[in-house]
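Below is one structure, written out as structure tokens; comments come after it.
Rule-based calculations on the coordinates, nothing more; no lab input. Bear in mind the structure is a predicted one, so any value in this text is a computation, not a measurement. We place every Cβ from the backbone using ideal geometry, glycine too, and count neighbours over all the protein chains shown.
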Ligand code: RP5
């Protein structure tokens, strides 16, 4: 593997706090990525250029996060046939419902995969799943990730059964206090 495989783009630096989760997740999976700030409305030509050139630059999947009138994922998708995963962001007064509708309601012919509001982590995992079609080592990493996730849930269930819900809730509170 050489060069960046995933392009993470966002409409504003105010989106970074959420979108950094996509970067952290791709790092966990060892996937090289690049990050850019591009806006469908404030830098429309740059957004279109990014979409047009993404494939020839070697990118395989795009993740686009935006809030409010969130057209970034759709604009990129209009300029590339690479898979585009949209992340509707909650920073607006409408708490991301506006962005969710904008990202999910693409017209037939130009699809965007839409994850949950602020779902940057899932966007990155979905990107890895797309890459795993071509790169089998990523499928192994995904299988391993699922196993670790299941073990963590089983460990929590065992602990709940062991100490009861009241003590378990106290433990959760303590853990939250440490963060
Ligand atoms: C969108 O407008 C961005 O994606 C961001 O979520 C929102 C607000 O941007 P700023 O005014 O904080 O730059 O285009």
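Evaluation of residue 76 against the conditions (1) crowded, with 22+ Cβ neighbours inside 10 Å; (2) in contact (Cβ under 8 Å) with a residue 60 or more places away in the chain; (3) over 18 Å from residue 130 (Cβ atoms) shows that the sole unmet condition is (3).
For the stretch 3-17, the set of residues classified as closer than 20 Å to residue 55 by Cα and either out of contact with any strand residue (DSSP E or B) (no Cβ under 8 Å at 6 or more places or on another chain) or in a helix (DSSP H, G or I) (or both) consists of 3 only. Is the stretch 123-135 home to any residue that is free of Cβ contacts under 8 Å to residues at least 24 places away in the same chain, crowded, with 17+ Cβ neighbours inside 10 Å and under 23 Å from residue 3 (Cβ atoms)? So far as the stretch 123-135 goes, yes, one or more of its residues are free of Cβ contacts under 8 Å to residues at least 24 places away in the same chain, crowded, with 17+ Cβ neighbours inside 10 Å and under 23 Å from residue 3 (Cβ atoms).
Which ones in the stretch 18-53 are surrounded by fewer than 20 Cβ atoms within 10 Å (Cβ to Cβ), in a loop (DSSP other than H, G, I, E, B) and within 16 Å of the ligand (Cβ to nearest atom)? Across the stretch 18-53, the qualifying residues are 39, 41, 42, 43.
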